[in-house]
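Worksheet: the structure to be examined is printed underneath.
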């Protein structure tokens, strides 16, 4: 299996959605391994470096602080301990993502209930300040928070 050729910074930007300036910043900040240069002096991203860019992108999107991303990337020499350290960082981040997903799921449910209550209030032609609208909203929230199957 042959390795794909290295690509330039614009291509990496298009593939990842990360701006060229941000890619350069990632490099300066030590968030990606050293990017090689072609004979013309331009950055050349190998498939391995591109995988690092995507990993860093995912870690940042999931809320890992820059300092921890840097630790992950620069974690010592090529040893088994380095891999154990990286594994521990990734497992902690995965657990944090699970917690974030649970919070987002609960928040989405609450927002869904609010949307449904507004839909019903609008369909009924009620004013939001109408006490009947408030009772309707209470009923919708009770249904939405009790059992998703009842929606």
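What follows draws every value from the coordinates through simple rules; no lab data is involved. None of the values given here were measured: they were computed from a predicted structure. Note that we place each Cβ from the backbone using ideal geometry, even for glycine, and neighbour counts take in every protein chain shown.
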Semi-axis lengths, Å, region 1-74, gyration tensor of Cα atoms, sqrt of 5 times eigenvalues: 21, 13, 12
Degrees between helix 80-123 axis and first principal axis of the chain (Cα, 0 to 90, nearest 10): 30
Scattering profile of region 31-87 at q = 0.19, 0.21, 0.29 Å⁻¹ [log10 I(q)/I(0), Debye over alpha-carbon scatterers]: -0.75, -0.86, -1.17
Relative packing of 20-29, 128-137, which averages over residues the other C-beta atoms within 10 Å, highest first: 20-29, 128-137
Cα centroid of region 42-77 to Cα centroid of region 124-139, whole Å: 50
Mean ellipticity per residue at 222 nm, deg cm²/dmol - from DSSP H runs of n ≥ 4 across the chain, formula -39500 (n - 2.57): -22000 deg cm²/dmol
Three-way shape call for region 99-151 based on the alpha-carbon gyration tensor, with the a/c threshold at 1.5: prolate
Calculated FRET efficiency for the pair residue 107/residue 55, C-beta based, R₀ 30 Å, to 0.05: 0.65
0 to 90° range, to nearest 10: angle between helix 131-146 axis and the chain longest Cα axis: 50
Solution diffusion estimate, µm²/s, Stokes-Einstein, the chain, Kirkwood Rh from C-alpha pairs, 25 °C, viscosity 0.890 mPa s: 126
Residues 55, 39, 145, sorted so that the one with the fewest Cβ neighbours within 10 Å comes first: 39, 145, 55
